[in-house]
Amino acid sequence: QQKASWEDLPPAYFFQRQGTEPIDTLLHGVGVPSNHTGMGKSPFRPSDDAATLPFPIGANAMAASALRTLAPLFAPTGPANNATTYANINTLAEQITQGIQTYGVINHPTFGKMYAYEVDGFGNAYCMDDANLPSLLSLPYLGWCAKDDPIYLNTRKFVLSNNNPYYFSGSAGAGVGGPHVGLGWIWSMSIIMQAQTSADDTEIKACLDMLLKSSAGTGFMHESFWLTNVGQYTRPWFAWANSQFGHLILTLAQEKPYLIFK
């Protein structure tokens, strides 16, 4: 996964099939070309849609954060105590981190320094965000950065604006969607993550109100709802969103109980 396209011939991963949507398969079975960045490639997004560019910044940030959490287990003072594994984990985490900082941070004409959603290592970047995790909106939740990190805050402003091609706003609510179900569909998971990564009580309360409304009286989080009608939704039962909502409530119960308890 760390190799550039020309270093990976024949490719280690190949996937191609017939379908009606371009996001259901990969260009020539391998996706678009990539340069070496130190990051890991992912031909598909968390939504299962084919990626536009091969290096997802959110997923790589999650990987680097997870590796740094894992490393102490193999440290000399850790329960596994394996010097080789410890060194390898730290090296990989640092390679990914350097890749994100070198290729994943761009200068947006409106928002300044921010993270791109995907890059290819040739200098190309795709500016968007998708509701599915790991996302750019979720970077503090993933342990990559603090909620008040300047680059993250610029990214967050972009994600939660009309500059993000998959941010939708209507009479039923506002939030991030994605190409998986198409334009106009707001994903509950993005509103949950907006609340989870916010330090502003007013914003969190607005997200909670929107989530309650979006359940359309069913008592469950749905995959997505139409921007002008919460009664028009996809997946009446979506375990991922329900689990994320549960985690949000548990977090608020511990950190900001006054927002949910009377």
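The values are calculated or read from the model by the stated rules, or taken from the named source; none is laboratory data. Computed from a predicted model, the values in this text were never measured in an experiment. Positions of Cβ are generated from backbone atoms using ideal geometry, with glycine treated the same way; all protein chains shown enter the neighbour counts. The protein model used for the area step is the full one, side chains on, heavy atoms only, and it has no ligands, DNA or RNA in it. Shrake-Rupley method; radii C 1.70, N 1.55, O 1.52, S 1.80 Å.
Under 7 Å by Cβ, and 6 or more places apart or on different chains, what pairs join a residue from segment 87-102 that is closer than 15 Å to Pro72 by Cα with one that is open to solvent by 80 Å² or more (accessible area, probe 1.4 Å)?
Note: pairs meeting the criteria are Ala93/Arg68.
Please find, among Trp187, Trp144, the residue that is among the aromatic types (Phe, Trp, Tyr), in contact with a Gly (Cβ under 6 Å, 6 or more places away or on another chain) and buried (at least 23 other Cβ atoms within 10 Å of the Cβ).
Trp187
I'm checking my understanding of the structure. Among residues of segment 147-161 that are crowded, with 19+ Cβ neighbours inside 10 Å and of a type in the set (A, V, I, L, M, F, W, C), which one is nearest to Ile191 (Cα to Cα)?
Applying the filter and picking the extreme gives Leu160.
From the list Ile204, Ile151, which residue is more than 19 Å from Ile23 (Cα to Cα), among the β-branched types (Val, Ile, Thr), part of a helix (DSSP H, G or I) and in contact with a strand residue (DSSP E or B) (Cβ under 6 Å, 6 or more places away or on another chain)?
Just one listed residue meets the conditions, Ile151.
Taking the stated definitions as given, is Glu203 acidic (Asp, Glu), out of contact with any helix residue (DSSP H, G or I) (no Cβ under 6 Å at 6 or more places or on another chain) and touching a residue at least 24 places away in the same chain (Cβ under 8 Å)?
In short, no.
Among the numbered criteria (1) part of a helix (DSSP H, G or I); (2) within 25 Å of Glu223 (Cα to Cα); (3) not polar (S, T, N, Q), which one does Asp48 miss?
Asp48 satisfies all of (1) part of a helix (DSSP H, G or I); (2) within 25 Å of Glu223 (Cα to Cα); (3) not polar (S, T, N, Q) except (1).
Has segment 233-247 got any residue that is free of Cβ contacts under 8 Å to residues at least 12 places away in the same chain, closer than 21 Å to Leu139 by Cα and within 17 Å of the chain's Cα centre (by Cα)?
yes
Of the conditions (1) in a helix (DSSP H, G or I); (2) of a type in the set (S, T, N, Q); (3) in contact (Cβ under 8 Å) with a residue 12 or more places away in the chain; (4) within 18 Å of Met62 (Cβ to Cβ), Ser138 clears all except one; give me its number.
That leaves (1) as the condition not met.
Just checking, which of Ala253, Ala216 is among the small types (Gly, Ala, Ser) and part of a helix (DSSP H, G or I)?
None of the other options fit; the residue is Ala253.
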